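Below you'll find the structure, written out as structure tokens, and then a few comments.
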Amino acid sequence: MLDLTAALTRLKQDHLYRRRRISESATGVHINMDGRELLSFCSNDYLGLANHPEVVKAMRDGADYWGAGSGASHLVNGHSAAHHALEEELAAFTARPRALLFSTGYMANMGVIAALCGRGDYVFEDRLNHASLLDGGLLSQARLQRFAHGDANALNKKLAERDSGEMLVVTDGVFSMDGDIAPLPELAAKAKQHNAWLMVDDAHGFGVLGANGGGCVEHFGLGMDEVPILIGTLGKAFGTFGAFVAGSEEMIEYLIQKARPYIYTTALPPAVAEATRASLKLLQEDQWRREKLQTLIKQFRKGASELGLQLMNSDTPIQPLLIGDNDKAMAMSDALLKQGILISAIRPPTVPEGTARLRVTFSAQHREVDVDQLLTVLESVA
Ligand SMILES: *Cc1c(COP(=O)(O)O)cnc(C)c1O
């Protein structure tokens, strides 16, 4: 039997022990946590919609009408007109024939990969893909092949080596711990050349990239022909909860029939779908939120490089500072916290060994003085 005490002690010794902080205020940039007021740079609420009055009102009105829960899975009788309307709006937003809601992004990724691939098939994944994409590959029991990060030629080589079976290429759109964007046009070309599906999980691109917030496919101008399987999550820039897959009529119909994490789980509360309908509208209309983010990102990158901090290759609101050692990253995060700044240290196994980092993220709600304050504090602890 696993010695849990020893295993936990080892995690502490390796500076890999994780603790939860208790938040006592709504999602936002100024929060109360563990009894203190903090300036936060670690939320994925990039557009500041999680606590937007119109989104909150839509959820409240939705709960008044629909009640608190959906009561059943989608295939039993949990699929409401609110879910259905949101799916139609997400299909229009992504310019795909249909979209399908999942309860979480984790489940969408597990569900899609395992529905499309099985024993004897091949799943090709970028080395830095999100854990849920890797777990989807494992769940499918297909042969899982990882290719060098963002390297279409490395992918091409692996694609050329396979002998039989279906092939699915899977990548993050914007990499969640690095902030860089996958080379989608090149990956799409290689996938097409080998008659493989391409699946893009754009959890961190939707709302942030593209003139209308359509994410990395809008950024690159790619349609369903290039990216037949497009995943979005609703808990990040959308500010609510849940996820969706957008694709062809047949793709969505097949997932409804086959994706077990879709079939065997309770549908999202309809009120969450109503809130997301409100946030989808704001996400598309409020161009200023994307522009504001770009201003903050430029200000931060300029200031951080003047301080000699190690930025990563990112133009997105995910602006990690590479630290290296786990204990050093933890010490910096703690020192920032003492000065009222909340930034989480990201350690292995979330990121590769020796690349612990401070994952700084920006929200359209931050002000330029907030970034100034962040830079001042970083200078004092670096
Ligand atoms: C957050 C995230 C997910 C998981 O989405 P949830 O809705 O939080 O389960 C999946 N993929 C990526 C790239 C993510 O960043």
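Projected label points at E379 and W288, each 7 Å from Cα along the beta carbon direction, are separated by 3.0 nanometres.
Per-residue ellipticity at 222 nm computed for the chain from its helices equals -13000 deg cm²/dmol, with DSSP H segments shorter than 4 residues left out and the rest contributing -39,500 (n - 2.57). For F147, nonlocal amide neighbours, meaning residues 5 or more places apart or on other chains whose placed amide H falls under 5 Å from its own, are E125, D126, R127. Between A131 and N153, the simple spin-label model (points 7 angstrom out along Cα→Cβ) gives 3.4 nm.
Working from label points 7 Å from Cα in the Cα-to-Cβ sense, the N313 to Q141 distance is 3.9 nm. Sequence-distant contacts, meaning Cα pairs under 8 Å at least 6 residues apart, place the relative contact order of the chain at 22 percent. Loop-resident chymotrypsin sites (Phe, Trp or Tyr not before Pro) (DSSP state other than H, G, I, E or B) in region 232-328 with no more than 13 further Cβ atoms inside 10 Å of their Cβ: Y264.
For region 53-285, lysine pairs separated by 8 or more sequence positions, or belonging to different chains, with Cα-Cα distances below 25 Å total 8. Within region 217-264, the ratio Rg/Rh, alpha carbon atoms throughout and Rh by Kirkwood, equals 1.02.
Taking amide H as placed 1.01 Å from N in the peptide plane, the amide H of L342 sits under 5 Å from that of L39, S40, F41, each at least 5 places away or on another chain.
Extension gain, L2 to T295, is 100.5 nm, computed as 0.36 nm per intervening residue step minus the present C-alpha separation. Hydrophobic, long helices, defined as DSSP H runs whose alpha-carbon span along the helix axis is 15 Å or greater and whose mean Kyte-Doolittle value is at least 1.0, occur in the chain at 105-116. Using the scaling law 2.2 N^0.38 Å as the reference, what is the normalised Cα Rg of region 53-285? Compactness ratio reported: 0.98.
Give the percent of DSSP beta bridges with both residues in the chain that are antiparallel, rounded to the nearest 5. In the chain, approximately 60 percent of DSSP beta bridges are antiparallel ones.
Each residue of region 211-217 was assigned a 3J(HN,Hα) from its phi angle through the Karplus expression (A = 6.51, B = -1.76, C = 1.60, θ = phi - 60°), giving 4, 9, x, x, x, 5, 5 Hz with x at Gly and Pro. Sites count as exposed loop sites when they are GluC sites (Glu not before Pro), lie in a DSSP loop, and have at most 14 other Cβ atoms within 10 angstrom; the longest stretch of the chain without one is 25-352. Computed from backbone phi with θ = phi - 60° and the Karplus coefficients 6.51, -1.76 and 1.60, the 3J(HN,Hα) list for region 224-230 is 5, 4, 7, 10, x, 10, 10 Hz; x is used for glycine and proline.
Throughout, read-outs are computed from the coordinates displayed, never taken from laboratory work. Predicted, not measured: the structure shown is a model, and the values here were computed from it. Heads up, the Cβs are rebuilt from the backbone with ideal geometry, glycines too, and the neighbour counts pull from every protein chain shown.
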